[in-house]
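Accompanying notes for the structure given below.
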Amino acid sequence: MGRLAHELAAVAPSRTEGNDATGFVHLVLGADGVPAEIRVRDRWAQHLPPSRLGAAVLEANADAVRRALRMWTDALDDSGWPAPAADPVDPPLPAGRDRDVNVVAEEAIAALEKARAEPDVPEGSDDGRHVTVRVGAGGLVACVVDADWAQNRDGASLTAALATALGRATAQRAARSETGPAADALATLTAITRPTEGGER
């Protein structure tokens, strides 16, 4: 398991970017599957209603996760992973039945989620509690933005509030979560299958 975790972590992308459908919410995903940066561009309100800001952050995160997963699988293919067995005289494993790889992945992630279930997900907010971000073991879980407060804010103000909330949530996560290469390597797979929530307060 240690060798497997090391091999998976070695090819995990260190940085992946994603956007919402409008392109006015931009997110940078770290190697651990947790957002490193969330940015709202100026003139966002011309393209996105304030009540959709939280959902747009989650959409940008999902886009980044999809890109990271694609980069990860491409890197695994290029590396020839899994490596051939060290001992060629080992007896072959018994034949099994073909199964859809997506089903297998979902079952593995569900087992991981059950084993690492969190009693409460780390949460962070800006000073005025206008923006709240929740970050769990597999990455971004929720983002809620107060639409009434947001409607008169420019991109820089929203970006600053999101940065404060994200920083506080990730600090809580780091303080209470288990760490290690297996957690980092599996984070993007976990995040892409985890239900998310967001929107207006």
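What the table below lists for this structure:
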{"item": "Within-15-Å neighbourhood charge of residue 17 [Cβ basis; K, R +1; D, E -1]", "result": "+2"}
{"item": "Extension gain from residue 121 to residue 17, taking 0.36 nm per residue of separation minus the Cα-Cα distance", "result": "35.1 nm"}
{"item": "Computed label-point distance, nm, for sites residue 176 and residue 43 using a 7 Å Cα→Cβ extension", "result": "4.2"}
{"item": "Average accessible surface area per residue within the range 122-163, 1.4 Å rolling probe, Å²", "result": "35"}
{"item": "Label-to-label distance, nm, for residues given as residue 148 and residue 70 (7 Å Cα→Cβ offset)", "result": "4.1"}
{"item": "Summed side-chain charge close to residue 152 - residues other than residue 152 whose Cβ falls under 14 Å, Lys, Arg +1, Asp, Glu -1", "result": "-2"}
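The values are calculated or read from the model by the stated rules, or taken from the named source; none is laboratory data. Since this is a predicted model, take the numbers as computed values, not measurements. Glycine also receives a Cβ, built like all others from the backbone with ideal geometry; neighbour counts cover every protein chain displayed. Note: accessible area is taken over every heavy atom of the protein model, side chains too, but ligands, DNA and RNA are not part of it. Shrake-Rupley method; radii C 1.70, N 1.55, O 1.52, S 1.80 Å.
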